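The values are calculated or read from the model by the stated rules, or taken from the named source; none is laboratory data. Predicted model only: the values in this text are computed from it and were never measured. Counting neighbours? That spans all protein chains shown, and the Cβs are built from the backbone with ideal geometry, glycine included.
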């Protein structure tokens, strides 16, 4: 199974879609993946290279957009740049995952963060990178 490090923690990639599956217990984040195999930024960015993170056995999903005053007043001016991710990482957060300690499976906290206040927090049992 691929790790988040193997896809550079999706740094600078564009989150394009969130897909609900299996009655909301599986969620997929679809990214326009910008990195080439040699570690450089792909030259053909106009042709999207999509990669996904699939979160299995989803327990929680929290979205904070953190829009500033200008963005709130002018939503039509938002563009792809708002979805350029800083990183996706596993967070050690006992407060968030501790409430699931009674489950027969371990759960993990994964954070998708931006360079501003925007973030998505996911609590799930496992991830799959496609």
>> Checking residue 103 against (1) within 23 Å of residue 19 (Cβ to Cβ); (2) surrounded by 11 or more Cβ atoms within 10 Å (Cβ to Cβ): exactly one of these is not met. Which one?
In response: (1)
> Out of (1) touching a strand residue (DSSP E or B) at 6+ places or on another chain (Cβ under 6 Å); (2) touching a residue at least 60 places away in the same chain (Cβ under 8 Å), what's the single condition that is false for residue 32?
Replying inline: (2)
>> So, residue 15, is that one touching a residue at least 12 places away in the same chain (Cβ under 8 Å), more than 19 Å from residue 126 (Cα to Cα) and surrounded by 16 or more Cβ atoms within 10 Å (Cβ to Cβ) or not?
In response: yes
> in contact (Cβ under 8 Å) with a residue 60 or more places away in the chain and either over 14 Å from residue 88 (Cα atoms) or part of a strand (DSSP E or B) (or both), is that true of residue 52?
Replying inline: yes
> If you scan region 5-40, which residues turn out to be out of contact with any helix residue (DSSP H, G or I) (no Cβ under 7 Å at 6 or more places or on another chain), under 15 Å from residue 89 (Cα atoms) and either modelled with pLDDT under 90 or part of a strand (DSSP E or B) (or both)?
Replying inline: 29
>> Quick check on my filter: what residues within region 20-52 are closer than 27 Å to residue 123 by Cβ and more than 19 Å from the chain's Cα centre (by Cα)?
In response: 23
> Is there a residue being over 13 Å from the mean Cα position of the chain (by Cα), under 20 Å from residue 34 (Cα atoms) and either in contact (Cβ under 8 Å) with a residue 24 or more places away in the chain or not in a strand (DSSP E or B) (or both) anywhere in region 60-72?
Replying inline: no
>> Checking residue 2 against (1) loosely packed, with under 14 Cβ neighbours inside 10 Å; (2) in contact with a strand residue (DSSP E or B) (Cβ under 6 Å, 6 or more places away or on another chain); (3) closer than 22 Å to residue 79 by Cα; (4) at pLDDT below 95: exactly one of these is not met. Which one?
In response: (3)
> Tell me, which residue of region 91-125 that is in a loop (DSSP other than H, G, I, E, B), in contact with a strand residue (DSSP E or B) (Cβ under 6 Å, 6 or more places away or on another chain) and modelled with pLDDT of 95 or more is farthest from residue 26 (Cα to Cα)?
Replying inline: 107
